[in-house]
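The values are calculated or read from the model by the stated rules, or taken from the named source; none is laboratory data. For clarity, every value in this text was computed on a predicted model and none was experimentally measured. Neighbour counts run over all protein chains shown; Cβ positions are idealised from the backbone, glycine included.
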Amino acid sequence: MSEVVNRRTFLVGAGAAGSALAARPSSKAASAARVIGANDRINVGLIGSGGRGSSVARQFVRAGKDGANCQIVAVCDVYQKRVTANRDHFTKEYGQCEGTLDYRDILAKSDVDAVIVATPDHWHAPIALAAMDRGKDVYLEKPMCHTVEEARQLVATVKETKRVLQVGSQTTSGDQWHKARKAIADGMIGKMILSQGSYHRNSIEGEWNWPIDKEAGPDGKGENYIDWKMWLGKAQGRAWDADRFFRFRKYWDYSGGIATDLFYHVVAPMNICWGRAQFPYKVMSGGGKYVFSNDREVPDTFHLIGEYADGHSIVLSSSMANSQHIPGLIRGHGASLIMVEHGRFEGFAKHITLKAEKTRGGKFMVPELADKYQGQDEIKIEVEERDTMQTHIKDFLSCMRTRQKPTLDVETGARAQVLITMAVQSYREGRVLYFDEKNWKVLPKAPKA
């Protein structure tokens with residue numbers, strides 16, 4: 001069966017489960033997308049108008065005022081209060097902005113060129129797929145999606161529709177990853193062996209315990225109304241649960257917890273550093289609810305190991321109950337490359353550092369690196385300071401005009417997604433998993449060569 005037929009089945013199935021997706025339109029809808037000239041204003045719709053979505057949309061406004069020539073023309077959320085607040089805000093900015101509880105209203109608008117998808121994770125792929133089929137380009141908040149199958153569908157859809165999709169992990173627009181990529185490509189670390197990183201947080205309440213609007217819900221009146229059935233989508237049907245709605249990252253049905261919320265910001269830039277995005281071959285993970293044991297399904301402490309077929313591994317650690325990071329670095333046989341010594345993958349680093357591996361006698365472990373280092377033990381390479389959020393958004397808007405691949409394109413995003421999604425599955429099943437790259441399948445045993 002072809003990828004296109006598989007995707008049609010996927011879209012219809014998602015709609016049947018969540019009563020929120022229409023059948024896939026004809027390819028003519030995608031081909032009818034407006035060709036955007038260099039001086040044309042790009043019209044953007046926001047789907048998912050909570051804290052993150054609102055913040056990203058305001059960054060698009062900044063970019064539009066700084067030469068990127070875009071505007072927010074429509075907003076959507078299942079919570080009426082959010083719709084009203086964002087509609088009114090962007091109407092003040094532009095003179096007009098429509099608001100709706102149903103994202104399909106935005107996708108049906110012929111004047112919308114692109115959408116920001118900032119919903120809970122389980123809605124990322126269904127909305128992004130439907131948007132591309134409607135001829136819209138997509139700025140898709142991380143994680144890219146919720147399942148490995150969704151990652152496959154997104155890759156296939158970008159290829160079929162030729163839409164621009166930028167995954168919204170803005171840290172990948174930082175200069176350090178691209179400087180690191182060049183250093184590795186120039187042979188400055190020798191054979192790559194191990195990448196390591198972390199993402200740690202700590203707070204009195206515990207992460208993801210966002211405020212709950214007690215008056216809001218499916219029985220709420222006026223501004224307090226929430227379309228709970230739409231929000232659940234294809235997830236398991238449940239009675240209204242305010243904690244699940246306002247604090248969705250604590251629940252498996254809608255999120256992968258630490259892996260999808262935090263590790264995506266580590267794995268995506270690592271794939272850029274390595275020089276080519278790679279699927280893992282073998283994944284294992286562990287952790288547990290060591291502190292916040294009674295208020296969530298996902299662990300508060302989590303770690304993973306991913307192994308790659310060409311002979312290197314990645315090791316990541318995180319806790320929501322301790323804030324001390326581990327330096328972000330890539331180890332090679334000949335040298336180590338430190339990208340973020342402070343360990344914060346979303347933080348700025350003034351330089352990257354290359355530290356040569358030497359024998360006890362002071363000789364280079366890899367003799368051919370001696371000329372590259374000119375006798376030095378370490379080399380510091382300066383990094384350009386950037387507003388990564390603005391750089392990432394402007395890259396997306398520029399690619400909408402040029403039709404080039406953005407910084408965090410769908411292929412790179414999918415390879416990061418597969419690692420973290422497999423890590424979640426490994427944790428939940430308590431076993432090592434393997435990936436069959438050819439067939440996009442997660443397996444309990446290594447695939448046959």
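Observations
- Top-ranked residue in the stretch 376-423 [being among the basic types (Lys, Arg) and assigned to a helix (DSSP H, G or I); ranked as nearest to CYS145 (Cα to Cα)]: ARG415
- Pair list, Cβ < 8 Å and 6+ apart or interchain, from the stretch 272-291 residues that are closer than 11 Å to ARG181 by Cβ and touching a residue at least 24 places away in the same chain (Cβ under 8 Å) to residues that are among the aromatic types (Phe, Trp, Tyr) and in a helix (DSSP H, G or I): ILE272/TRP177; CYS273/TRP177
- Residue check, SER426 among the hydroxyl-bearing types (Ser, Thr, Tyr), in the same structural domain as SER317 (by TED's automatic domain parsing) and in a helix (DSSP H, G or I): yes
- Candidates in the stretch 331-348 are the residues that are of a type in the set (A, V, I, L, M, F, W, C) and more than 15 Å from ILE379 (Cα to Cα); of these, the one that is surrounded by the most Cβ atoms within 10 Å (Cβ to Cβ) is PHE345.
- The residues in the stretch 329-349 that are without any contact (Cβ under 8 Å) to a residue 40 or more places away in the chain and either in contact with a Lys or Arg (Cβ under 9 Å, 6 or more places away or on another chain) or not assigned by TED's automatic domain parsing to the domain that holds LEU316 (or both) can be counted, and the count is 1.
- In the stretch 377-398, the residues that are farther than 17 Å from ASP66 by Cβ reach residues that are acidic (Asp, Glu) and surrounded by fewer than 21 Cβ atoms within 10 Å (Cβ to Cβ) with C-beta atoms within less than 7 angstrom, at least six apart or across chains, in these pairs: VAL383/ASP175; GLU384/ASP175.
- In summary, ALA370 fulfils each of the numbered conditions (1) assigned to a loop (DSSP other than H, G, I, E, B); (2) of a type outside the set (Val, Ile, Thr); (3) surrounded by fewer than 23 Cβ atoms within 10 Å (Cβ to Cβ) with the single exception of condition (1).
- Annotation note: of ASP227, ASP175, ASP219, ASP213, the sole residue that is surrounded by fewer than 22 Cβ atoms within 10 Å (Cβ to Cβ), closer than 30 Å to GLU307 by Cα and of a type in the set (Asp, Glu) is ASP175.
- Yes/no for ASP213 being without any contact (Cβ under 8 Å) to a residue 12 or more places away in the chain, under 30 Å from SER319 (Cβ atoms) and not assigned by TED's automatic domain parsing to the domain that holds TRP177: no
- Only one entry of PRO126, PRO143 meets the criterion of being more than 19 Å from THR172 (Cα to Cα), surrounded by 23 or more Cβ atoms within 10 Å (Cβ to Cβ) and either outside the structural domain of ALA268 (by TED's automatic domain parsing) or free of Cβ contacts under 8 Å to residues at least 12 places away in the same chain (or both), and that entry is PRO126.
For (1) outside any helix (DSSP H, G or I); (2) modelled with pLDDT under 95; (3) over 16 Å from the mean Cα position of the chain (by Cα), each residue gets a yes or a no:
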| residue | (1), (2), (3) |
| --- | --- |
| GLN96 | yes, yes, yes |
| LYS109 | yes, no, yes |
| PRO143 | yes, no, no |
| ILE193 | yes, no, yes |
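- Set SER49, SER55: member being at pLDDT 95 or above, under 21 Å from the mean Cα position of the chain (by Cα), in a loop (DSSP other than H, G, I, E, B) and farther than 22 Å from TRP252 by Cβ: SER49
- Qualifying positions in the stretch 292-317 - more than 24 Å from HIS178 (Cα to Cα) and either in contact with a His (Cβ under 8 Å, 6 or more places away or on another chain) or surrounded by fewer than 15 Cβ atoms within 10 Å (Cβ to Cβ) (or both): SER293, ASN294, ASP295, GLU297
- Number of the condition not met by GLY256 [criteria: (1) under 17 Å from HIS146 (Cβ atoms); (2) in a loop (DSSP other than H, G, I, E, B); (3) free of Cβ contacts under 8 Å to residues at least 24 places away in the same chain]: (3)
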